[in-house]
Amino acid sequence: MKHSQFKKYLPYFEDRYVFEFCPVDRIGDVVAFIDTYWKKNHIFVRSPEFLSWQHYDKASNKYNFVIAKHKKTEEIHAMVGVTLSSHFDPAIKTPVRWGSMWKIRPDIQEPGLGLMVEWKKNETGHACAEVGFGESKIAIGLAKKLKAITGIADQHVIINPKKTTFHIASNVDTADCYAKQAVPSNKALLDCSLDEFRQLEGPVIHTIPFYKSKLYYENRYFRHPIYSYQATKICNAASDVAGILFWRKCTHGSAACIRIVDYFGAHDALSGCLDGFLELLAKYDAEYIDFIHVGMPDKLMMESGFINRGNYPSLIIPNFFEPFVQKNIDVTYSYESRDTNYTPLIFKGDSDQDRPS
């Protein structure tokens, strides 16, 4: 979305609105807006610390929310959240820009106001792609109007074959716990501490997307203020690290599952990992491992043992845990990029999808 479009339509609004990134002294108004118009008792309402971790920009001393402030009342009439991958590593020069929490007050009749805050968010600087993940129907409709690519993320899963009773998953056919196309296991999955992660070097480092970095992963996962993420090394027969998985354990009552939220590695790193995944399931007594993503080849996922939940209409692999909802909930996405180096690869840990709620 070109910033010139914002300037083109600005004269129609500038007598009534100021479009700006949220100053520090207005964050209380944004919190109130979220509580009233987005979701009551949202995590950003209950935890100022988490809000700052996700959205406070130290360099500019502002919060990465674009707001439409009505000049006469000084009330916020629309907003959108912004997260760049460079938020977790300022040295990243061409980040991905993720949008979130796009909302226009339902009692405000100002056609185009939502587009204005969307365009304004581009002033966070150059980004290699504009990405939305877990978007509403309205946001997806807007993305289509703006000629962005849209779709539904894949959800791949490996079910614990040793389980006979399921409390999180439902309608499980134990004959289809994992893909029959899985190649013979030839890799090991090993825990990766922060110190070990910092010492990683060699070819695997070159597989990190250019819009992320080692420091990005450290700050995003190892230093999360609420969730406890784990990092796992994928090692080949020569003990070389071929890839890194980031995941966390999700629970409902006494039951647990494992959710992979991010990954980088060689193109075939996941192939031959089925035994490692089954060992991980046994170690944590988890019902299944799931992996929500955009861009991972289905053939590679099957070679690693994953089945595509979309191919099993009756199988229920929940997405929401806070609160728990035992139903399939598709995750929508959109992206737009003019950067020829950008290849769409989107994970559950991107944007603000994997956060406490």
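Listed by chain and number, the aspartates and glutamates whose alpha-carbon sits under 15 Å from that of K162, ignoring those within fewer than 8 places in the same chain, are D173, D176, D275, E279, D285, E287.
Label separation (I226 vs D268): 4.1 nm, computed from points 7 Å beyond Cα along the C-beta direction. With the convex hull drawn around the C-alpha atoms of segment 207-357, the volume per residue stands at 135 Å³.
Could you tell me which chymotrypsin sites (Phe, Trp or Tyr not before Pro) in segment 256-329 are loop residues by DSSP with no more than 13 other beta carbons within 10 angstrom of their beta carbon?
Numbers: sites: Y263, F264, F277, Y284, Y288, F291, F306, F320, F321, F324; in loops: Y284, F306, F320.
Taking segment 256-329 and a limit of 13 other Cβ atoms within 10 Å, the loop chymotrypsin sites (Phe, Trp or Tyr not before Pro) found are F320.
Placing dummy labels 7 Å off each Cα toward the beta-carbon, the span from D330 to D25 is 4.7 nm. With distances taken between every two different alpha-carbon atoms, the chain has a Kirkwood hydrodynamic radius of 21.5 Å.
Cβ-Cβ distance of K299 and V18, R₀ of 35 Å, FRET efficiency by 1/(1 + (r/R0)^6): the value works out to about 0.10. Per residue, the average separation of C-alpha pairs within less than 8 Å and at least 6 apart gives the chain a relative contact order of 20 percent.
FRET efficiency for K214 and E74, Cβ-Cβ distance as r, R0 = 30 Å, nearest 0.05? The calculated FRET efficiency here is 0.10. With each label point set 7 Å from Cα along the Cα-Cβ vector, what nm distance links R46 and N61? Result: 3.2 nm between the two label points.
With N as its number of residues, segment 3-150 has a Cα radius of gyration that, divided by 2.2 N^0.38 Å, comes to 1.00.
Here the dipole of segment 154-329 is about 300 debye; that uses its Cα centre as origin and unit charges on the Cβ of Lys and Arg (positive) and Asp and Glu (negative).
On a 24 Å Cα-Cα criterion, which of the cross-link pairs K233/K327; K121/K249; K187/K283; K214/K348; K103/K147; K58/K214 come out too long? Write down the numbers at each step before the final one.
Working: K233/K327 31 Å; K121/K249 33 Å; K187/K283 17 Å; K214/K348 18 Å; K103/K147 20 Å; K58/K214 20 Å.
Beyond 24 Å: K233/K327; K121/K249.
Values quoted throughout were computed directly from the atomic coordinates according to the rules given, and no laboratory measurement underlies them. All of these numbers come straight from a predicted model, not from anything done at the bench. A quick note on method: Cβ atoms are made from the backbone with ideal geometry, for glycine too, and the neighbour counts reach across all protein chains shown.
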